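What follows is one structure encoded as structure tokens, with my remarks underneath.
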Amino acid sequence: MNIRSITAPNPGPFTLDGTRTYLLDDHAVIDPGPAIDSHIDAIRAAMPNLRTIFITHRHADHAPAAIPLKRATNAQIVAPRGVLDETDRIVNDGDVVDALEVIATPGHTSEHVCFLTNDGDLFTGDTILGFGTTAIFPPDGNMADYLRSLHKLRARNPKRIHPAHGPTRDDAVALIDEYIAHRLERERQVLDALARGATTISDMRTLIYPDLDERLHRAAEVQLRAHLIKLQDEGRVPLAFGSWD
Ligand SMILES: [Zn+2]
């Protein structure tokens, strides 16, 4: 399978250098991206025989371009439930479409899926990025599910990771291990902050990210909340820490 990508002109704090739309041979795309005309035109020019539009999850930097692309080309949209009303085929864990296996990977969002080829090419959407970490926003985002999804992907022993943001990584298993280690380290820091007397999420954020840019405070606090919810579900943090706003 020939794999190329086109990066949409939507760089930002969560999208890194922009959304990467993957082009598979001449007939399929993964994560068509935002509905920006120049990006849609670039996909159409590169994919004259587009038949299938795969989508990993519902976020606005991944899915919307599927609608104008479908309208222009009659390609079918393949996505998990809850992504777009225009989806032609709703997929579930274990389905295979056009030689891509669907792997359900809830965590970043509840419906998120990854796609795996027989050659070990793994398209991870926002579950694993080419650098940095992904954001887990509760309640739809779920840290416990996310860690299970990372282990599930690792068990498939992929060769390459093609993320929706950031570069393709040839060190797929090592990258997944880094992702798991990073979350476990953060979890340890959350427990440590509680042991040191943090009584609010903002105390915890100050202890764990002492020099963080103020503009990122809220995003960091939401990640800490995601960790706390996991630890509370596991009975490792008292539920009394429930109202942390
Ligand atoms: Zn996303």
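Rule-based calculations on the coordinates, nothing more; no lab input. Note that the structure is a prediction, hence the values are computed from the model and not measured. No Cβ is skipped: glycine too gets one built from the backbone with ideal geometry, and neighbour counts run over all protein chains shown.
Helices of the chain meeting both criteria, an alpha-carbon length of 20 angstrom or more along the long axis and an average Kyte-Doolittle score not below 1.0, with helices taken as full DSSP H segments, do not occur. Answer rounded, prolate or oblate for region 1-110, using the Cα gyration tensor with square roots of eigenvalues a ≥ b ≥ c: rounded when a/c is under 1.5, else prolate when a/b is larger than b/c, else oblate. Rounded is the answer for region 1-110, as its axis ratio a/c remains below 1.5. Dividing the helix sum by the residues of the chain, where each DSSP H run of 4 or more adds -39500 (n - 2.57), gives a mean residue ellipticity at 222 nm of -10500 deg cm²/dmol.
Can you give the extra length, in nm with one decimal, that the chain gains between R148 and A45 once fully stretched, where that is 0.36 nm per residue apart less the Cα-Cα distance? Display every interim value, and only then the final one.
Working: separation 103, 0.36 × 103 = 37.08 nm, distance 3.86 nm.
Roughly 33.2 nm would be gained on extension.
Of the peptides 193-200, 219-226, 62-69, the ranking by mean beta-carbon count within 10 Å, highest at the top, reads 62-69, 219-226, 193-200. Taking a point 7 Å from the Cα of E178 along the Cα-to-Cβ direction, the residues of region 132-148 with backbone N closer than 19 Å to it are 132-136, 147.
T133 to A72: FRET efficiency via 1/(1 + (r/R0)^6), r the Cβ-Cβ distance, R0 30 Å, to the nearest 0.05?
On the way: r = 35 Å, r/R0 = 1.18.
E(calc), rounded to 0.05, equals 0.25.
I need the shape label for region 50-110. Rule: rounded when a/c is under 1.5, else prolate if a/b > b/c, else oblate, with a, b, c from the alpha carbon gyration tensor. Since a/c reaches 1.5 but b/c is at least a/b, the shape of region 50-110 is classed as oblate. Taking the fewest neighbouring Cβ atoms within 10 Å as the starting point, the ordered list for S38, S110, S149 is S38, S110, S149. Among M143, M1, M204, a tally of other beta-carbon atoms within 10 Å of each Cβ gives an order, fewest to most, of M1, M143, M204.
Extents of region 182-242, taken as max minus min of Cα coordinates on every principal axis and listed largest first, are 32, 22, 18 Å. Based on alpha carbons, the Rg and Dmax found for the chain are 18.8, 60 Å. Rounded if a/c is under 1.5, else prolate if a/b is larger than b/c, else oblate: which is region 133-175, with a ≥ b ≥ c the root eigenvalues of its Cα gyration tensor? Here region 133-175 falls in the oblate category. What the Cα convex hull of region 110-245 gives, in volume per residue, is 110 Å³.
Under the √(5λ) rule applied to the eigenvalues of the Cα gyration tensor, what semi-axes describe the equivalent ellipsoid of region 129-207? Give them in Å, descending. Write out the running numbers ahead of the final one.
Details: eigenvalues 156, 31, 29 Å².
Values for region 129-207, descending: 28, 13, 12 Å.
Order these by the 10 Å Cβ neighbour count, fewest first: V97, V91. Before the final figure, lay out each step's value.
Values: V97 15, V91 22.
With the fewest neighbours first, V97, V91 line up as V97, V91.
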